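Colleague: Pasting a structure here, questions to come.
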Amino acid sequence: MELIKNFIIKFALVAIVVSAFSCKEENAFDANKGNETSSNEAHPKLILTAQGVKDIRAQLGNIPIFDNTLEKVKEEVDAEIALGIEVPIPLDYSGGYTHSRHKQNWFVMQKAGVLFQILDDEKYAKYVKDMLMQYEEMYKTLPLHPKTRSYARGKLFWQCLNDSNWLVYVSQAYDCIYNYLTEEERNKLETNLFRPFADHISVDSPQFYQRVHNHSTWGNAAVGMIGLVMDDQELIDRALYGIKGVNLDKNAKDDDGGFLNKDGKAGFLANIEEPFSPDGYYNEGPYYQRYAMYPFLIFAEGLHNVKPELKIFDYKEGVLLKSINALLNLSDADGDFFPLNDGQKGMSYYTDALVTAVDVSYHYGNQDPGLLSIAKLQDKVLLDDSGLAVALGIKNGEEKPFEKKSINLSDGPDGTQGGVGILRSEDLELVFKYAAQGSSHGHYDKLSYSLYDNGEEIIQDYGLARFVNIEQKGGGNYLKENNSWAKQTIAHNTVTQNETSHFGGKYEVGSLHHSDLNYFSSEHEKVQVASAIEKNAYPGTEMLRTMAIIKDEDFEKPYMLDIMKITSNKANQYDFPYYFMGQVLQTNFDYNTPETLKVLGNKNGYQHLYVEGSGKAASENSKLSWLNKGKFYSLTTVTNTNDDLLFTRIGANDPDFNLRREAALLLRRKNAMNTTFVSTIEAHGSYSPVTESAFNSNSNIEDLKVVLDTKDYTAVSITTVSGKTKLFITANTNALKEAKHTLNINDNNYQWTGSYYFK
């Protein structure tokens, strides 16, 4: 903490001198312009503000999490300064040396600019200035990037997306050293670097800029932020509303293989209106919401500070701040985001983008004390006004736990395009996806789910097939297996009909449709239910899935109940996989293991599955028990003796080992027209390798039975090993909370009000 002590002593002396001259900060004199500047022209003004700098300096040494963050940032930037400036000629894809060097430069410049303001040390401003001048000298004659794979090539980077990343961060650095530079130096940078840079991202690359997508959000923020610093209204308007009169190629695709939006909607405001639902769910999924939140929030913060009349944080009923709460709820017990659609596992709210999200939400929202507990876990804050607010809140002991409860998040700009339901009970978390396609990052997995136990996957969603920023794996780009495997329906825990993916695996078709909510109920602690219907994945077939987490005193832990009701106009083959994580312990059915592995199919993801075992269901209930990370799990599923049970493993037709070698149990039902899949998954017991003792390693379910299955109702009985039976009834049609139901099952009358019955 020596730097903070030295700064406080230094600044106290400066304050004495300043007070002697009665200098007023509000009317700071700009020596370059020769007159007094207005508060709107004062710098910094974008993210870190002039008033914020004063407030931070007054608190230094007294705000531990801020002080510690400042110390670490100073060490990092000082080390970079010692190494010297390097601005190489661009050559590489993501993960390559020149790509990584320019990426590191944008981070370091932004941090050095902040250090200049907070510590009032000229060496940081000089470092930023010298590096920017090297970029100015290079950019004047820089051609398009030599790598030609991108649909929108940048100049510093192989794609305009990364060029936009650079400008978003560098805009903040420029704002911090703006008054350090002479007018001549500013004109040089703005004329030869910043305006041409902004023009290339936008005017020169409409296929990148003119759409609704996370790529374009970065582009909008980049153009808008440099416009705010330079007080360039043309750039600000271009950022907010897009470029007028631009037509895109109808057949254009982006780097991820998705078709570009061609409906004329573009600009930052359109990127708020279209992808976010009123609940704050982002249609591409949490992985890309996390990526997009930084430009969304950092540009919004700049607009709030420089253009407060726009009231950006109130736009679309405050959806940007709502989206942070939604995103935090889309994480497991460890803070890892659920890998819906294209999502890399392990991405979590510890990423810097979420430090920004938490701090901005706290400062500009309602100062939710639950956010302070997450900030405390992140163990760092932004070195700006919002980071100071969080640091003071933590210092004053105001934090409370951030409670993740069951939540239903609607999808679509009006909240009418399906959604994602998350059911939580004790350590169990069930993620039920009934959303829209999710733009080019969407997967063909209607009514799919994943299941977690205290942050550990029990039933997994595969996520994406990509090694982000690892040059050896396709330059860090999406791999072909993302389309051939990860996006296909069979890669998910839902029904595949006739070995064909939902919507035939066609983006144009999938984008037209979404699932619909039947009901969501989380009011009662003991039973929480999500139910949705899909009518378009397969023409002539409807799928209604009802998933519940039940907390029953006769069970050690809550368990999951899953009812998938299929109605079709013809006989089909249905494949229903369970992508379990762990080691098989026991089954109640016999199976054969082949000497030579064969592939399950030849397309739609089936070509990537080896068959490691095959058998037939031997009874009305088929069971699988497995062990994962010291805990036992049991699947019980209703079967008939014609059902096939296949153990599969991912990895066939994968010569470059791009896919993880993970297992599934696949239930195959042939020549069935209307059918219902019913299963339970129990979490139970534990195993200690230290004491070598197993506790409660067996399933508690003796019998699982469908006792009624009609158009209007499905009823399932669950009998424990001790002989106790419970009945769950779900309303398939009239599922309103106020609906009254009367039903006779096996000469017993049942009456209830609401969407379901359990007793």
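The values are calculated or read from the model by the stated rules, or taken from the named source; none is laboratory data. Since the model is a prediction, treat every value here as computed from it, not as a measurement. Quick reminder, even Gly has a Cβ in these numbers, built from the backbone with ideal geometry, and neighbours come from all protein chains shown.
Colleague: If only one of THR648, THR587, THR593 is in the same structural domain as TRP485 (by TED's automatic domain parsing) and closer than 21 Å to THR675 by Cβ, which one is it?
Modeller: The conditions single out THR648.
Colleague: Further question: May I ask you to verify whether VAL87 is at pLDDT 95 or above and in a helix (DSSP H, G or I)?
Modeller: For VAL87, the condition - at pLDDT 95 or above and in a helix (DSSP H, G or I) - is not met.
Colleague: Something else: Scan region 628-646 residue by residue and report those that are in contact (Cβ under 8 Å) with a residue 60 or more places away in the chain and either crowded, with 18+ Cβ neighbours inside 10 Å or hydroxyl-bearing (Ser, Thr, Tyr) (or both).
Modeller: Across region 628-646, the qualifying residues are LYS631, PHE632, TYR633, SER634, THR636, THR637, VAL638.
Colleague: Checking SER755 against (1) closer than 19 Å to THR636 by Cα; (2) buried (at least 16 other Cβ atoms within 10 Å of the Cβ), which test does it fail?
Modeller: The single condition SER755 does not satisfy is (1).
Colleague: Just to be sure I understand, how many residues within region 495-506 are crowded, with 24+ Cβ neighbours inside 10 Å and either of a type outside the set (A, V, I, L, M) or not assigned by TED's automatic domain parsing to the domain that holds HIS608 (or both)?
Modeller: 3
Colleague: Here is a follow-up. Scan region 585-600 for residues that are touching a Lys or Arg at 6+ places or on another chain (Cβ under 9 Å) and in a strand (DSSP E or B) and jot them down.
Modeller: Once the filter is applied, which keeps residues that are touching a Lys or Arg at 6+ places or on another chain (Cβ under 9 Å) and in a strand (DSSP E or B), region 585-600 yields GLN586, THR587, TYR591.
Colleague: Continuing with the same structure: GLY474 is checked against (1) farther than 30 Å from TYR757 by Cα; (2) at pLDDT 95 or above and fails just one. What number does that condition carry?
Modeller: (2)
Colleague: Tell me, which strands (runs of 3 or more DSSP E) wholly within region 601-664 include 2 or more residues that are within 25 Å of ASP445 (Cβ to Cβ) and of a type in the set (Ser, Thr, Tyr)?
Modeller: 609-616, 631-638
Colleague: Separate question: Could you say whether any residue in region 729-741 is in the same structural domain as LYS535 (by TED's automatic domain parsing), part of a strand (DSSP E or B) and either touching a residue at least 40 places away in the same chain (Cβ under 8 Å) or touching a helix residue (DSSP H, G or I) at 6+ places or on another chain (Cβ under 9 Å) (or both)?
Modeller: Scanning region 729-741 turns up at least one residue that is in the same structural domain as LYS535 (by TED's automatic domain parsing), part of a strand (DSSP E or B) and either touching a residue at least 40 places away in the same chain (Cβ under 8 Å) or touching a helix residue (DSSP H, G or I) at 6+ places or on another chain (Cβ under 9 Å) (or both).
Colleague: Follow-up question, since we're still on this one. Among what's in region 690-710 and is outside any strand (DSSP E or B) and in contact (Cβ under 8 Å) with a residue 60 or more places away in the chain, pick the residue that is farthest from GLU620 (Cα to Cα).
Modeller: ASN696
Colleague: If only one of GLU71, GLU136 is acidic (Asp, Glu), within 30 Å of HIS304 (Cα to Cα) and assigned by TED's automatic domain parsing to the domain that holds VAL170, which one is it?
Modeller: Just one listed residue meets the conditions, GLU136.
Colleague: Here are VAL716, VAL690, VAL706: which of them is out of contact with any Leu (no Cβ under 6 Å at 6 or more places or on another chain) and surrounded by fewer than 16 Cβ atoms within 10 Å (Cβ to Cβ)?
Modeller: Exactly one residue qualifies, and that residue is VAL690.
Colleague: What helices (runs of 4 or more DSSP H), lying completely within region 176-247, carry at least 2 residues that are under 24 Å from GLN134 (Cα atoms)?
Modeller: Once the helices (runs of 4 or more DSSP H) in region 176-247 are filtered for at least 2 residues that are under 24 Å from GLN134 (Cα atoms), what remains is 183-189, 195-201, 214-230.
Colleague: Test THR496 against the criterion of being of a type outside the set (D, E, K, R) and in contact with a helix residue (DSSP H, G or I) (Cβ under 7 Å, 6 or more places away or on another chain), and give yes or no.
Modeller: It is true that THR496 is of a type outside the set (D, E, K, R) and in contact with a helix residue (DSSP H, G or I) (Cβ under 7 Å, 6 or more places away or on another chain).
Colleague: Right, another one. Would you mention how many residues in region 390-417 are assigned to a helix (DSSP H, G or I) and closer than 21 Å to VAL319 by Cβ?
Modeller: Result for region 390-417: 0.
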